[in-house]
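Below: the structure, in structure tokens.
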Amino acid sequence: MRTAFILLICFWVVGPCLAQKLTYKQLMHFSTADKGAIGKKLNKRNWSFQSDNEPETSLLGRTIWAYGVTAERAEAWCVLYYSDTTPNRILYNFGGEQINRKLLRKIRSRSSAVIAEGNALPRVENVHRFTDYADDKYVYRYIIYNQSGWYGVKIFGKSDYELASRNGRL
């Protein structure tokens, strides 16, 4: 009985953090799904809806959707940028080495080339390093932040990446 109680407490504490982890397959599904389907999937994983501000053409770089365990603190967050007139993309920021290794391994195994890398990004603070990987369909921007243990993956369709590159909205 005592062991069951301890396991229940551990699951209650750790469960929401584990639910924050998204796989490569889920991220790729989200990049083509509609808002309602994404919200439904993330709600099942204990993510909470934070905002849905329709983008303006000049402000696509702002957060459109964000999810986290609580409003006060999130172990990870997912941001979708969408518009009919500008490039669409998905951003997933997360903490933790295990999910970082898994996502980076999957991205590297699917990508054929590194197309860009550097130490700074316009309009993005606290970037330590970034690398853009490309395959035949997608471009993945892998970001290491200055904060220890924090990473990000931004996924573009190849044509959206090229458009964002031309108009300075990567």
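What follows draws every value from the coordinates through simple rules; no lab data is involved. What you see is a predicted model; the values in this text were computed from it and never measured. Methodologically, a virtual Cβ is constructed for each residue, glycine included, from the backbone with ideal geometry; neighbour enumeration extends over all protein chains shown.
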Checklist entry - Any idea how far apart N146 and R108 come out in nm if each label point goes 7 Å out from Cα toward Cβ? => result 2.7 nm
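Hey, fewest Cβ within 10 Å first, where do S111, S159 land in order?
Ranking S111, S159 by Cβ neighbours within 10 Å, fewest first, gives S159, S111.
Considering only Cα-Cα distances, which of the following residue pairs are longer than 18 Å: K106/K137; K25/K137; K25/K102; K25/K154; K40/K154? Intermediate values should be presented prior to the final figure.
Numbers: K106/K137 15 Å; K25/K137 14 Å; K25/K102 11 Å; K25/K154 14 Å; K40/K154 21 Å.
K40/K154, as the Cα separations exceed 18 Å there.
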Item to check | Cut-off 12 Å between beta-carbons: net charge of the residues surrounding S109, Lys and Arg +1, Asp and Glu -1 | outcome: +4
